[in-house]
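Trainee: The structure under discussion is supplied below as structure tokens; questions concerning it will follow.
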Amino acid sequence: MAGGRVPNLFISGVPATGKTTFSRWLASNMDYVRCPSGEEPGPNFRREIEAAIDSGAPVVVEMGFLEGGFDLVEDLTELGFEFWWFDGDREVALQNFLDRPNHPATPENFRFYMAHVERHWGRYQENFEDRRLDVISGPERVLMSNEDRWAAIQTYTTSAARSPLGCESGPIDRRERALLATGIIGSMPDSASDPLDVVRLGYDQLSARYRPDNADPKEYRVWTGELLTALQPGSSVLDLGCGCGVPVARRLVQEGHRVTGIDISERQIERARTLVPGAMFQVADMTRRILEPASFDAVIAFYSLIHVPLAAQPTVIEQVSNCLVDGGLLLATVGWEAWTGSDVDWLDSGVEMWWSQADQATYRIWLEEAGLEVVQCSFAPDGESGHALIWARRQRRM
Ligand SMILES: C[S@@+](CC[C@H](N)C(=O)[O-])C[C@H]1O[C@@H](n2cnc3c(N)ncnc32)[C@H](O)[C@@H]1O
């Protein structure tokens with residue numbers, strides 16, 4: 001058996017993400033006792049689990065997302081089980097679900113199951129915290145191997161044990177561990193350079209190539225126009241990762257709003273101050289800046305959050321939420337699909353640029369966790385792929 005603490009595991013998740021296969025693998029390769037031993041939990045299920053725990057072996061309980069599982073979930077929480085949620089590209093999961101041999105199924109079965117998940121997620125969510133593994137991805141329908149799942153769980157468990165804060169650690173530490181576990185942090189470039197420096201230096205050099213002084217992209221006109229209809233006159237708006245201030249800050253100032261723009265690139269801010277004299281701009285790294293609580297009516301973050309290392313993004317989102325007044329709006333473009341990587345010849349310039357984004361489902365979770373209600377999430381095409389355009393509203397503080 002691998003070294004380190006071996007947790008008792010509760011595995012659940014989206015259908016056809018390999019839950020059963022993984023728990024069987026744990027039983028065969030890691031000396032786990034698998035419960036239920038049969039296909040479905042029987043009436044003696046709880047006693048079966050207790051007996052397995054008494055035997056001293058690690059136990060894996062693997063289940064679909066059943067309403068009848070509430071009491072069991074509470075019992076397992078008390079017994080210190082570690083809950084893991086398997087997820088990923090749900091379209092691919094649906095295809096795999098339909099293709100499973102010996103399991104006649106329809107798309108409605110899948111949707112029925114997922115509707116259960118949505119309905120009861122609020123009740124279960126705290127048990128999983130951030131222990132989510134995206135195990136399935138498209139379009140080649142790649143399923144994470146059992147070995148990699150186990151390695152991710154071990155990494156998470158080991159780093160939790162090592163943490164000076166232990167199990168008491170706050171949400172950020174837990175998220176970071178989960179990202180470590182899923183290999184997302186590990187997928188950052190190996191080079192010695194800090195991704196934030198790559199981004200900062202990249203925009204310093206490519207500011208004008210990325211956005212000429214008089215640029216006015218159509219989609220920006222539409223998005224900013226929609227925000228304008230939702231704002232009271234003279235609103236206070238933060239443009240997070242504002243670039244050169246064109247076209248967003250410029251348009252908002254023209255419409256009489258009070259705009260603050262922050263950006264990590266000195267060159268972007270230098271141009272913004274010239275191009276949009278009516279706004280206030282500051283060079284700042286959004287991962288470090290502490291924003292005043294309840295100080296903005298709206299925050300715009302177009303294509304900027306996706307340059308921040310994933311591990312830091314939930315904290316930035318929390319700050320954004322915190323700086324909004326109750327009912328304030330966030331309008332942001334974020335990842336539609338998860339991806340981290342760089343382009344060493346961005347915009348055919350020979351200059352490197354770096355991005356890191358989660359998928360839209362993860363952003364929804366991060367936003368909701370931060371106290372932002374996602375009002376709308378749509379696909380914004382961009383070349384051959386696209387991003388998620390998210391409208392979210394700051395929920396009322398208690
Ligand atoms: C793709 S540009 C978008 C600019 C502007 N929002 C727009 O849509 O026109 C991304 C901007 O985010 C800024 N940015 C990236 N990481 C940042 C960080 N950590 N803090 C502040 N700004 C950042 C970059 O310098 C860049 O100007």
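Trainee: What are the residues in the range 289-311 that are surrounded by fewer than 21 Cβ atoms within 10 Å (Cβ to Cβ) and either more than 8 Å from the ligand (Cβ to nearest atom) or in a helix (DSSP H, G or I) (or both), if any? Please lay out each step first, then the result.
Mentor: We begin by selecting, within the range 289-311, every residue surrounded by fewer than 21 Cβ atoms within 10 Å (Cβ to Cβ); these are 289-290, 292-295, 303, 309, 311.
Across the range 289-311, the qualifying residues are Ile290, Glu292, Pro293, Ala294, Ser295, Pro309, Ala311.
Trainee: Answer yes or no as to whether Gly328 is closer than 26 Å to Thr229 by Cβ, under 22 Å from the mean Cα position of the chain (by Cα) and either within 12 Å of the ligand (Cβ to nearest atom) or not aromatic (Phe, Trp, Tyr) (or both). Walk me through how you get there before you give the answer.
Mentor: Numbers: closer than 26 Å to Thr229 by Cβ: yes; under 22 Å from the mean Cα position of the chain (by Cα): yes; either within 12 Å of the ligand (Cβ to nearest atom) or not aromatic (Phe, Trp, Tyr) (or both): yes.
Judged against the criteria, Gly328 is a match.
Trainee: Restricting the search to the range 279-288, which residues are within 8 Å of the ligand (Cβ to nearest atom) and buried (at least 20 other Cβ atoms within 10 Å of the Cβ)?
Mentor: Met286
Trainee: Check the range 235-244 and report whether any residue there is assigned by TED's automatic domain parsing to the domain that holds Gln357, modelled with pLDDT of 95 or more, hydrophobic (A, V, I, L, M, F, W, C) and out of contact with any helix residue (DSSP H, G or I) (no Cβ under 8 Å at 6 or more places or on another chain).
Mentor: Checked against the condition, which is being assigned by TED's automatic domain parsing to the domain that holds Gln357, modelled with pLDDT of 95 or more, hydrophobic (A, V, I, L, M, F, W, C) and out of contact with any helix residue (DSSP H, G or I) (no Cβ under 8 Å at 6 or more places or on another chain), the range 235-244 yields no hits at all.
Trainee: Looking at the range 332-340, is at least one residue within 20 Å of Asp285 (Cα to Cα) and touching a residue at least 60 places away in the same chain (Cβ under 8 Å)?
Mentor: Among the residues of the range 332-340, at least one is within 20 Å of Asp285 (Cα to Cα) and touching a residue at least 60 places away in the same chain (Cβ under 8 Å), which makes the answer yes.
Trainee: Another question about this same structure. May I ask you to verify whether Ser349 is surrounded by fewer than 22 Cβ atoms within 10 Å (Cβ to Cβ), more than 14 Å from the chain's Cα centre (by Cα) and either part of a loop (DSSP other than H, G, I, E, B) or assigned by TED's automatic domain parsing to the domain that holds Asp134 (or both)? Spell out how you get there, then give the answer.
Mentor: Numbers: surrounded by fewer than 22 Cβ atoms within 10 Å (Cβ to Cβ): yes; more than 14 Å from the chain's Cα centre (by Cα): yes; either part of a loop (DSSP other than H, G, I, E, B) or assigned by TED's automatic domain parsing to the domain that holds Asp134 (or both): yes.
The answer is yes for Ser349.
Trainee: For the range 312-319, does any single residue satisfy the condition of being assigned to a helix (DSSP H, G or I), within 14 Å of the ligand (Cβ to nearest atom), in contact (Cβ under 8 Å) with a residue 12 or more places away in the chain and over 15 Å from the mean Cα position of the chain (by Cα)?
Mentor: Yes, that holds for at least one residue.
This table checks each residue for (1) farther than 24 Å from Glu369 by Cβ; (2) at pLDDT 85 or above.
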| residue | (1), (2) |
| --- | --- |
| Asp89 | no, yes |
| Phe97 | yes, yes |
| Arg100 | yes, no |
| Arg119 | no, no |
| Pro139 | yes, no |
| Asp148 | yes, yes |
| Ser159 | no, no |
| Gly170 | no, no |
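The values are calculated or read from the model by the stated rules, or taken from the named source; none is laboratory data. Just so we're clear, the structure is a prediction, and the values are computed from it rather than from any experiment. Ideal geometry is used to build each Cβ from the backbone, glycine not excepted, and the neighbour counts take in all protein chains shown.
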